[in-house]
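*Asks:* Here you go, one structure.
The values are calculated or read from the model by the stated rules, or taken from the named source; none is laboratory data. Since the structure is predicted, the reported quantities are computational estimates derived from the model, not experimental observations. Ideal geometry is used to build each Cβ from the backbone, glycine not excepted, and the neighbour counts take in all protein chains shown.
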Amino acid sequence: MKRIFFIISLLAFSASWVSAQDKKQYNVLMIAVDDLNDWTGFLGGHPQTQTPNMDRLAQNGQVFTQAYCAASVCNPSRTALMSGYRPSTTGALGNGYKLRSSPLLKDAPMLNQWFQQNGYYTLSRGKIFHHPDTDNDKWDEWSNNDGRYGKPAKKKEGKEYSGLPTSEYDGNLNWGGTTAAKEDTPDYRTAQWAAEQLQKERDKPFFMAVGIFRPHLSWFVPQQYFDKFPTATLQMPEVKADDLDDIPGEKPSKEYRLVKKHGLEKEAVQAYLASINYADECIGVILDALDKSPYRDNTIVVLWGDHGWHLGEKLRYKKFTLWERAARMPLIVSAPGVTKSGARSEQIVSLLDLYPTLTELCGLPENTTNEGTSFLPLLKNPNKKWNVPAVTTLKEGHSLRVEHWRYIRRHDGVEELYDHQQDPKEYTNLAMDKKYEDKLKDLRKLMDKTITPKDKALTGKSK
């Protein structure tokens, strides 16, 4: 009888231990990549890109093929993601905006603080907020960046490293292969820091945010990454010379005119691909460390770009637009026990939705002021019917994506309408076609409804 009682007790203990393990609190590892568009293997934006590590994460988790930023500018995009408020609600519309300068955000708990207040140990390094030292005292552990990307060994007289004449351009669209050792570069050091943190024992679940700066300008990375993409064999993005003719007031950007004038289109593509490949290798350091850590089976991994990037499309370089090229960016979520390996969702989601999604996924109390929508149902069922619009905002107006439509409305009254079923590259503006008057009316109403602040009393705004 004693032996039977011992066996029963042992089985009961084992069952309770397994149950406790099943309910073990998720950790969160969030990896932000600056200025990354869809030039990744898992999104197929460029056939020659090399992103094996991001592709590996995509294969282990779920890809959102239609994910959009709240703003195609670093600061507003990141402020929206971390605060859960739209840029149009907070007024955070430019890179000069200070996070705590508005009454709405003065004491608002950022995503990391919400996790911290609910029992998580929070730590960060790299660019999460636009200014990396923003709110650095609001993390349990915050590490400053160090290292150097270096500069190319030679520069021709009167020209930048990119080859653009110094007399014609003084911006940051600059690039070149450097002599810096990979191990000495800032992003690689940030990745190593994250790898070290993942090997430490902790008595709390953690929320770790890691910011990878490349492929943000300037595109200075070690020469070995440039060598992988010889210009002679590069495939170029499709550019339509008259693309802006049906949009009142739009003209090619200064950067586009200069790059085209001096015949540097292939060199720009090479530099962007090189910077992406470098960033991917840094991400690989983090993912390898997670795989070797005790946290691999209960850590949610989220990888996001803060917005997209133009490389000639719509006669533009850089971001700062309301079109698909700048508004769409990569998003991968890998949640053990929830997402399925290699899953893909074609539904439209926004980076604004990450705050409520991660909160719900980790079983934390809801922050009811969030203006995003948790897409946890899509993590459980990627093909679930979903009709939540995504809005991208800039100082000059708003852009809405819903179903297969993009609707743009600028404050000067100019409107654009694109049907992505027929025109995924947004070549033909349908806003002046009378056949689409009813669709325009519907989308105007939907945009007004979507950008109306959730908490009018708090913001003092009606739109």
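*Asks:* Within the range 422-439, does at least one residue satisfy the condition of being touching a helix residue (DSSP H, G or I) at 6+ places or on another chain (Cβ under 6 Å) and among the basic types (K, R)?
*Replies:* Checked against the condition, which is being touching a helix residue (DSSP H, G or I) at 6+ places or on another chain (Cβ under 6 Å) and among the basic types (K, R), the range 422-439 yields no hits at all.
*Asks:* Residue by residue through the range 359-387, note down the ones that are in a loop (DSSP other than H, G, I, E, B) and of a type in the set (S, T, N, Q).
*Replies:* Passing the criteria: N367, T368, T369, N370, T373, S374, N381, N383, N387.
*Asks:* Quick one: L217 ticks every box in (1) buried (at least 19 other Cβ atoms within 10 Å of the Cβ); (2) without any contact (Cβ under 8 Å) to a residue 60 or more places away in the chain; (3) closer than 26 Å to E168 by Cα bar one, so which box is it?
*Replies:* For L217, the failing item is (2).
*Asks:* Counting only residues that are in contact (Cβ under 8 Å) with a residue 60 or more places away in the chain, in contact with a Pro (Cβ under 9 Å, 6 or more places away or on another chain) and either loosely packed, with under 15 Cβ neighbours inside 10 Å or in a helix (DSSP H, G or I) (or both), how many does the range 240-260 have?
*Replies:* Total meeting the criteria: 1.
*Asks:* Still on this structure: Condition first: within 23 Å of F115 (Cα to Cα), among the charged types (D, E, K, R) and over 14 Å from the mean Cα position of the chain (by Cα). Now tell me which residues in the range 47-95 satisfy that.
*Replies:* Within the range 47-95, just R86 meets the criteria.
*Asks:* Do we have any residue at all in the range 278-287 that's at pLDDT 95 or above, crowded, with 20+ Cβ neighbours inside 10 Å, more than 30 Å from E201 (Cβ to Cβ) and in contact with a strand residue (DSSP E or B) (Cβ under 8 Å, 6 or more places away or on another chain)?
*Replies:* Yes, the conditions are met somewhere in the range 278-287.
*Asks:* What about K200, is it over 24 Å from the mean Cα position of the chain (by Cα) and modelled with pLDDT under 95?
*Replies:* no
*Asks:* Another question, then. Given the conditions (1) modelled with pLDDT under 95; (2) under 30 Å from E346 (Cα atoms); (3) touching a Gly at 6+ places or on another chain (Cβ under 9 Å); (4) hydroxyl-bearing (S, T, Y), and given that T90 satisfies all but one, which numbered condition is not satisfied?
*Replies:* (3)
*Asks:* Hey, among E141, E160, E168, which residue is touching a Ser or Thr at 6+ places or on another chain (Cβ under 7 Å), at pLDDT 95 or above and either surrounded by fewer than 18 Cβ atoms within 10 Å (Cβ to Cβ) or not β-branched (V, I, T) (or both)?
*Replies:* Of the residues listed, the single one that is touching a Ser or Thr at 6+ places or on another chain (Cβ under 7 Å), at pLDDT 95 or above and either surrounded by fewer than 18 Cβ atoms within 10 Å (Cβ to Cβ) or not β-branched (V, I, T) (or both) is E160.
*Asks:* Can you tell me how many residues within the range 77-101 are closer than 20 Å to D448 by Cβ and part of a helix (DSSP H, G or I)?
*Replies:* So the answer is 5.
*Asks:* Further question on the same structure: Can you name the residue in the range 322-380 that is within 26 Å of L394 (Cα to Cα) and among the basic types (K, R) and, of all such residues, is surrounded by the most Cβ atoms within 10 Å (Cβ to Cβ)?
*Replies:* R328
*Asks:* Give me a count of the residues in the range 109-142 that are closer than 23 Å to L36 by Cα and among the small types (G, A, S).
*Replies:* Qualifying residue count, the range 109-142: 2.
*Asks:* So which strands (runs of 3 or more DSSP E) are wholly in the range 388-436 and hold at least 1 residues that are touching an Asp or Glu at 6+ places or on another chain (Cβ under 9 Å) and under 18 Å from D245 (Cβ atoms)?
*Replies:* 405-410, 415-419
*Asks:* State which residue is surrounded by the fewest Cβ atoms within 10 Å (Cβ to Cβ) when the search covers only the range 104-128 and only residues that are in a loop (DSSP other than H, G, I, E, B) and not charged (D, E, K, R).
*Replies:* Going through the qualifying residues, I end up with G119.
*Asks:* Considering the range 27-73 alone, what residues qualify as being part of a helix (DSSP H, G or I), buried (at least 21 other Cβ atoms within 10 Å of the Cβ) and out of contact with any Phe, Trp or Tyr (no Cβ under 6 Å at 6 or more places or on another chain)?
*Replies:* Answer for the range 27-73, where residues must be part of a helix (DSSP H, G or I), buried (at least 21 other Cβ atoms within 10 Å of the Cβ) and out of contact with any Phe, Trp or Tyr (no Cβ under 6 Å at 6 or more places or on another chain): N53, M54, L57.
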